[in-house]
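Worksheet for the structure shown next.
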Amino acid sequence: MSALARVTADEPALSADPGEAPGRPVLGVARSLAGRPWRERPLDLAEAVRLAQRLGVPEIVGRLVAGRRGLDPCPESVLCPSLKGLLPNPSDLRDMDSAAERLADAVARGERIAIFGDYDVDGATSTALLARFLRALGAEPVLYIPDRMAEGYGPNAPAMARLAEAGVSVVVTVDCGTQAHEALAAAKGLGLDVIVCDHHQTAGGLPPAHAVVNPNRPDDGSACGHLAAVGVAFLLAVAVNRCLRGRAFFAGGRAEPELLQLLDLVALGTVCDVVPLVTVNRALVAQGLKVMARWANPGLKALAEVANAEGAPSVYHAGYLLGPRVNAGGRIGRASLGAELLSTDDPAAARERAVALDGYNRERQAIERVILDEALDLCRRRWGDALPPVVTLASASWHPGVVGIVAGRLKERLRRPVIVIGLDGEGPAATGKGSGRSIHGVDLGGAVAEARAEGLLRAGGGHAMAAGLTLAAESLPALEAFLAERLAAPVAAALAGDCLTVDGVLTPRGADGALLAHIERVGPYGAGNPEPVFALPRLRVDWAREVGEGHLQLALADETGARLDAIAFRARGTALGTALADRTGRLFHLAGRLKADRYRGEGRIRLQIEDAAAV
């Protein structure tokens with residue numbers, strides 16, 4: 001089967017399995033329609049039974065907890081993730097105390113503070129969080145989000161000069177700055193005190209800043225490297241608040257900021273940056289979704305309304321309804337729009353910005369579909385089935401603001417790291433801006449940072465699962481060779497262990513609302529805590545029809561007549577979709593995730609198909 005025919009799930013990024021040693025075969029599936037064996041999630045069954053008895057939950061919940069012991073060292077906290085006992089001491093992060101003291105000084109003295117953020121969701125939420133926090137302290141920060149096309153990622157010297165001319169004395173960079181050596185050197189020369197609040201990997205030393213708060217800097221011993229930038233920003237707010245309290249800043253009746261009310265922004269940024277939902281990240285998201293449910297943030301409320309988000313907010317709402325719209329401004333519209341939306345308290349302004357972002361998102365979706373089709377065609381023509389360890393694709397017709405999404409789609413189809421680059425012209429003199437997405441076990445961000453250190457890139461960096469870069473078109477062949485050499489072994493190892501990890505075997509009668517309610521207790525699910533996948537044996541397809549953009553809606557039944565609704569997202573043109581749509585009475589083993597079908601009434605359950613195997 002062609003590698004290009006493999007199915008991509010509807011929610012690949014948020015439910016990706018972190019990878020582990022394969023367990024026992026499931027239903028004898030050695031090679032599915034997606035080309036993978038099915039393996040049981042490894043766990044100690046006796047421990048699962050003990051956990052279920054200890055926690056007073058059904059055995060299936062005990063199995064899920066036993067199979068996800070990396071979530072939290074305390075099993076009780078797995079079912080009820082709480083910040084108490086999990087939130088790190090901000091002072092454990094290197095340079096945090098220095099950063100908090102300088103920001104506290106700026107607030108107390110009435111200095112002008114600027115927040116320089118990235119244009120993605122993590123950057124927008126980080127910017128909005130610190131803006132809301134500082135306003136609650138009586139400061140009115142300047143917000144600066146660089147234009148993706150004109151300025152690129154991260155701080156730049158002209159922007160620092162404009163901020164200095166505007167009377168700014170302290171700049172906080174959020175979700176960026178760790179690699180901005182030249183820009184921060186220029187800022188220092190202008191008399192600006194820069195505080196870096198970031199989580200990206202470092203290469204070539206630290207920039208010349210007043211403080212670099214980044215749990216992924218080499219000398220940081222906090223063990224908080226899994227935090228998104230918005231999580232680091234929240235800890236910075238906690239540290240500044242603590243510092244001001246120690247100085248009696250709130251004496252005389254001045255109200256302290258309600259820090260927990262900022263957790264809705266922390267949840268949104270954490271989910272959308274696809275960092276592992278383990279330990280404190282799970283607690284931040286779980287508590288943040290509860291805060292979000294109040295819709296006290298006018299921007300989030302307006303965004304939910306234009307997105308037609310229904311029901312209590314969940315990881316799905318954050319990752320697939322709200323997040324893409326916040327991102328759309330930075331991708332193809334006005335880069336600052338997302339941060340402005342999330343930081344405003346004016347409902348009318350929030351509505352206007354939400355409508356604009358919704359329009360940009362629709363435009364982004366149309367552009368994405370075109371680029372994805374072209375990229376798949378280019379990939380077929382260039383390599384066929386003999387794919388390299390890292391697939392790198394470039395074109396002058398591709399919008400740089402959308403290449404990251406396309407890279408993610410391709411990564412799911414090809415099951416290997418993918419970098420997609422938009423060039424600003426033809427020929428070797430052109431400049432390309434690209435974005436890459438990786439698979440578990442392959443550190444793409446580290447390899448890109450190494451490529452930059454080798455002089456192959458003009459700019460580049462990121463983290464294990466995602467990276468961005470800027471390069472001259474003439475450097476493309478050298479970059480491809482470099483990445484193939486550096487990543488061939490880890491990619492081969494990841495592909496060798498590639499399988500569909502199954503949490504249990506069900507029948508349609510067992511796939512009900514009561515089971516789903518138990519499953520949800522081990523959430524929130526996302527990167528690092530994948531949604532459970534269940535296998536259902538020997539089902540027939542009673543009917544199938546295409547809906548939306550190449551999705552397949554199905555009615556399934558087992559040999560007893562028990563029925564179950566199902567959907568296979570983006571199945572058109574894949575081996576999975578072709579087989580399921582061919583209603584010849586064949587039986588299939590199916591694997592997927594259980595979802596509440598809110599469009600067809602409460603209590604209805606639908607199987608979101610991940611894979612299938614003909615019986």
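The values are calculated or read from the model by the stated rules, or taken from the named source; none is laboratory data. Everything numeric in this text was worked out from a predicted model, so none of it was measured. Methodologically, a virtual Cβ is constructed for each residue, glycine included, from the backbone with ideal geometry; neighbour enumeration extends over all protein chains shown.
Quick one: is Glu559 without any contact (Cβ under 8 Å) to a residue 40 or more places away in the chain, in contact with a strand residue (DSSP E or B) (Cβ under 7 Å, 6 or more places away or on another chain), surrounded by fewer than 22 Cβ atoms within 10 Å (Cβ to Cβ) and within 21 Å of Leu27 (Cβ to Cβ)?
Taking the combined requirement at face value, the residue satisfies it.
What tally of residues in the range 56-104 results from selecting those that are touching a helix residue (DSSP H, G or I) at 6+ places or on another chain (Cβ under 6 Å), more than 19 Å from Val278 (Cα to Cα) and without any contact (Cβ under 8 Å) to a residue 40 or more places away in the chain?
The number of residues fulfilling the criteria is 1.
For the range 292-316, what are the residues that are in contact (Cβ under 8 Å) with a residue 24 or more places away in the chain, within 20 Å of Arg351 (Cα to Cα) and in a helix (DSSP H, G or I)?
Met292, Pro298, Gly299, Leu300, Lys301, Ala302, Leu303, Glu305, Val306
Can you work out which of the residues in the range 335-367 that are closer than 25 Å to Ala396 by Cα and touching a residue at least 40 places away in the same chain (Cβ under 8 Å) is surrounded by the most Cβ atoms within 10 Å (Cβ to Cβ)?
Among those residues, the one meeting the criterion is Ala335.
Kindly check whether there is at least one residue in the range 246-258 that is surrounded by fewer than 20 Cβ atoms within 10 Å (Cβ to Cβ) and either assigned to a helix (DSSP H, G or I) or among the polar types (S, T, N, Q) (or both).
Yes, there is a match, as at least one residue in the range 246-258 is surrounded by fewer than 20 Cβ atoms within 10 Å (Cβ to Cβ) and either assigned to a helix (DSSP H, G or I) or among the polar types (S, T, N, Q) (or both).
Can Tyr144 be described as of a type in the set (Ser, Thr, Tyr), touching a helix residue (DSSP H, G or I) at 6+ places or on another chain (Cβ under 7 Å) and crowded, with 21+ Cβ neighbours inside 10 Å?
yes
How many residues, within the range 419-438, are in contact with a Ser or Thr (Cβ under 7 Å, 6 or more places away or on another chain), over 18 Å from Ala481 (Cα atoms) and among the aliphatic types (A, V, I, L, M)?
1
On the given criteria, is Asp198 of a type outside the set (Gly, Ala, Ser) and either over 21 Å from Ile115 (Cα atoms) or not assigned by TED's automatic domain parsing to the domain that holds Ala104 (or both)?
Here the answer is no, as Asp198 does not meet what is asked.
Would you please name the residue that is modelled with the lowest pLDDT, looking only at residues in the range 259-291 that are of a type in the set (D, E, K, R), part of a helix (DSSP H, G or I) and buried (at least 24 other Cβ atoms within 10 Å of the Cβ)?
Selected residue: Arg282.
Pick from Ala239, Ala233: which is assigned by TED's automatic domain parsing to the domain that holds Val315, surrounded by 24 or more Cβ atoms within 10 Å (Cβ to Cβ) and touching a residue at least 60 places away in the same chain (Cβ under 8 Å)?
Among Ala239, Ala233, only Ala233 is assigned by TED's automatic domain parsing to the domain that holds Val315, surrounded by 24 or more Cβ atoms within 10 Å (Cβ to Cβ) and touching a residue at least 60 places away in the same chain (Cβ under 8 Å).
Any residue at all in the range 479-499 that is in a loop (DSSP other than H, G, I, E, B) and closer than 30 Å to Val57 by Cβ?
Yes, that holds for at least one residue.
Could you run through the range 511-556 and say how many residues are more than 22 Å from the chain's Cα centre (by Cα), surrounded by 15 or more Cβ atoms within 10 Å (Cβ to Cβ) and outside any helix (DSSP H, G or I)?
Going through the range 511-556 one residue at a time, the tally reaches 16.
Taking the condition of being assigned to a loop (DSSP other than H, G, I, E, B), touching a Gly at 6+ places or on another chain (Cβ under 7 Å) and either touching a residue at least 60 places away in the same chain (Cβ under 8 Å) or hydrophobic (A, V, I, L, M, F, W, C) (or both), how many residues in the range 155-174 meet it?
0
Any idea which of (1) over 25 Å from the mean Cα position of the chain (by Cα); (2) surrounded by 22 or more Cβ atoms within 10 Å (Cβ to Cβ); (3) part of a strand (DSSP E or B) is the one Gly577 doesn't satisfy?
(3)
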